[in-house]
Structure formats: C-alpha cells, structure tokens
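Q: Dumping the structure here so I can ask a few things about it.
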C-alpha cells in the first residue's frame, strides 16, 4: 500500500492500521496530494483505488477515498504522550561519547567532521563536511541549513569507493553575508554533526508481552517530515516477514523540536521470527544507512527469504531474471 501511495505522489500524514481477531486488516491513511489536490477529482480517486486493487488483488475487500472530517481525524489522533524512558533515549540532541559512538553507531557515521572557514572566499563562508555516506545525506544537510536560514550558492560533493564523503558548500546567511558569529558557527556545525550521526532514531520497546517498534525523525521548521520513512519501515518488515498488528504516525514536541514518530505494534516477542536487535538493524539500514561489507552475508540470507516470499505470494515474480549492477562511481551514486 505504501509503495502505491508513493508512486502516486501522495504524502502520508497519519495512519492507523489495525488487525481484527478474524485476520482482517483495516488501514486508515490520511494523505495529501502533492499534485495540486487532484484527489478531489473522482477520476483520480478511482485511479488510486484501481492501482491498490491491482497490487492487493482479491485480498482487498474495499477501498474508499474521501475527505476526512474532523470527527474522523479525532478518532485516529496519535498517543498524546511518549514514555519518559523513550524520550530520554531517543531524542537527545547531544553527540554520544567517542567510545559509545565506536560501539553503537553504524560504520558509515564514524569520524564526522564539520568545519567552517571564512578565509578562502571574499563573499562566502566555506562549510566543509567529511563523513560516511548514507541514504539521504544531501537531504539531511540541506534541511538543517534551511532551518538555520543558510543559503547555498554552490558546492562540491565527492564520494570515494570506500563510502567516505567530502562536501564543500559555499554559503551565506539570508541577508547575503558570511556567517561570522562564532556562536552561530558552533551551533550550526554541532547540529550538522548530530543530524549526520543520527538522522533517524530507531528502537524497540516492550509493552508487556508485546513489542513496539518506534522510529522518529525531526520535522523541518517548514512543517515537512522526512520523505518515505513509512515506506522504508514497511519494506524492512516485509523483507523480515514480520506482520504489523497496529501502527500509527503522530507528531510530538520534545524540548524545542517537533518530531514525527512512527509506532509499530509487532505483537508478542515470542511470535517474532527474528530478534529485536535484528529488526532495529534492518529498519536502520533500509531507512538511511548504506550497506557495508559486513552486511553481505546477512543480505544474501534476507534476499533468499524474500525470494521465497515472492514465489509464494506473487505469481508474476521470476527469480531467474537477474539485473547486474553497473560499476559504481561517484556520479552514479549522487
């Protein structure tokens, strides 16, 4: 469902997914249309339903797209509060100690360096970033600069074969002047390091006998959330063959920042086919992390399970068709 909605350029604002005891699923998606509100047209609504019906086949009992009233919106509001243990652990804006970083962080996030130099250009501040590559790296940099009202005049982006990035950005403030305030320089560099270190927060918590996957990302000052997060979460769980019992998307203010929080109820711990740590690892990898060499064996096993799943559920799937990847290069990766 999330794949179809993404292909139709529909933005998921909130979702409520529930499973009944008899095995039926009710999905309520609150969506907006990025294409000038074309969903107000009956033909566009029918097109969306037809595409969903094509993907889901006979398992789809009904599909309706209508304007959400205030009473319906109130019924699916996200949980008003988050447990303090979650907020303390997930939403910290401080970088961890170096030792913890080596032990806990993905290899792509080690050795992040962000510096600023005003001596190399007469009109611009040079922001130099060195870090590991990851999915959405340019988005994470640009959304952070946007929140600080920093404009980019031009820049250079280079990725080496070992996954390291070097980024040079010539920037000015909204008034067209250099960034000369030391406090603003320090705050901007610190925030960039934090956003590159953990652009997404992923954890699993226990709710009695059940397990809940929680994924959070910061909301831009413009009110926009990170694109495709729910799609990536559902893709990771699909590859791991883990069903979703209940899901919701909501926004919470923690400290001075607003966060978009995805809460996925996975059922009881003993029902999970893989360990909670493996779920966190896979969701993290698909959502923003680029795989490294250590992932190859695990990825091969996951791909084998995914092919078995496709063979059992998709009559059009042909596992003998292989698409060979082209030799990677910095330009192609960008």
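The values are calculated or read from the model by the stated rules, or taken from the named source; none is laboratory data. Predicted model, so just to flag it, every value in this text is computed and none were measured. Backbone-built Cβ (ideal geometry, glycine too); neighbour counts: all protein chains shown.
Q: What are the pairs, 6+ residues apart or on separate chains, where a residue within segment 42-60 that is more than 15 Å from residue 3 (Cα to Cα) has its Cβ under 7 Å from a residue that is modelled with pLDDT under 90?
A: Every condition considered, the pairs that remain are 44/38; 45/39; 45/65.
Q: Could you say which residue among 28, 10, 39 is within 20 Å of residue 62 (Cβ to Cβ), touching a helix residue (DSSP H, G or I) at 6+ places or on another chain (Cβ under 9 Å), modelled with pLDDT of 85 or more and not assigned by TED's automatic domain parsing to the domain that holds residue 251?
A: 28
Q: Those residues that are out of contact with any helix residue (DSSP H, G or I) (no Cβ under 7 Å at 6 or more places or on another chain) and in a loop (DSSP other than H, G, I, E, B), I need them from segment 190-206; list them, please.
A: Result: 198, single match.
Q: Evaluate segment 265-283: report whether one residue or more is modelled with pLDDT of 85 or more, surrounded by 14 or more Cβ atoms within 10 Å (Cβ to Cβ), assigned to a strand (DSSP E or B) and outside the structural domain of residue 14 (by TED's automatic domain parsing).
A: Scanning segment 265-283 turns up at least one residue that is modelled with pLDDT of 85 or more, surrounded by 14 or more Cβ atoms within 10 Å (Cβ to Cβ), assigned to a strand (DSSP E or B) and outside the structural domain of residue 14 (by TED's automatic domain parsing).
Q: Further, regarding this structure: Kindly provide the set of residues from segment 122-150 that are touching a strand residue (DSSP E or B) at 6+ places or on another chain (Cβ under 6 Å), at pLDDT below 95 and either in a loop (DSSP other than H, G, I, E, B) or over 19 Å from residue 199 (Cα atoms) (or both), ordered by number.
A: Answer for segment 122-150, where residues must be touching a strand residue (DSSP E or B) at 6+ places or on another chain (Cβ under 6 Å), at pLDDT below 95 and either in a loop (DSSP other than H, G, I, E, B) or over 19 Å from residue 199 (Cα atoms) (or both): just 133.
Q: Could you go through segment 229-246 and let me know if any residue there is in a strand (DSSP E or B), in contact with a strand residue (DSSP E or B) (Cβ under 6 Å, 6 or more places away or on another chain) and either surrounded by fewer than 18 Cβ atoms within 10 Å (Cβ to Cβ) or touching a residue at least 12 places away in the same chain (Cβ under 8 Å) (or both). Step through it out loud before you land on a result.
A: First, pick out the residues of segment 229-246 that are in a strand (DSSP E or B): 246.
Narrowing the set further to residues that are in contact with a strand residue (DSSP E or B) (Cβ under 6 Å, 6 or more places away or on another chain) leaves 246.
Pick out the ones that are also either surrounded by fewer than 18 Cβ atoms within 10 Å (Cβ to Cβ) or touching a residue at least 12 places away in the same chain (Cβ under 8 Å) (or both) and you get 246.
Yes, segment 229-246 contains a residue that is in a strand (DSSP E or B), in contact with a strand residue (DSSP E or B) (Cβ under 6 Å, 6 or more places away or on another chain) and either surrounded by fewer than 18 Cβ atoms within 10 Å (Cβ to Cβ) or touching a residue at least 12 places away in the same chain (Cβ under 8 Å) (or both).
Q: Working carefully through the options 82, 56, 52, 5, find the one that is closer than 17 Å to residue 248 by Cα and at pLDDT 85 or above.
A: Unique residue meeting the criteria: 5.
Q: A further question follows. Could you list all residues from segment 210-223 that are touching a residue at least 24 places away in the same chain (Cβ under 8 Å) and out of contact with any helix residue (DSSP H, G or I) (no Cβ under 7 Å at 6 or more places or on another chain)? First the steps, then the outcome.
A: Initially, segment 210-223 is screened for residues touching a residue at least 24 places away in the same chain (Cβ under 8 Å), giving 210-222.
Of everything in segment 210-223, those that are touching a residue at least 24 places away in the same chain (Cβ under 8 Å) and out of contact with any helix residue (DSSP H, G or I) (no Cβ under 7 Å at 6 or more places or on another chain) turn out to be 210, 212, 218, 219, 222.
Q: For residue 166, only one of the following conditions fails: (1) touching a residue at least 12 places away in the same chain (Cβ under 8 Å); (2) in a loop (DSSP other than H, G, I, E, B). What is its number?
A: (2)
Q: Follow-up question, since we're still on this one. Can we say residue 65 is closer than 28 Å to residue 231 by Cα, assigned to a loop (DSSP other than H, G, I, E, B) and modelled with pLDDT of 70 or more?
A: Criteria met by residue 65.
Q: Here is a follow-up. Mind telling me which of the residues 162, 183, 149 ends up being loosely packed, with under 12 Cβ neighbours inside 10 Å, outside the structural domain of residue 248 (by TED's automatic domain parsing) and at positive phi?
A: Unique residue meeting the criteria: 149.
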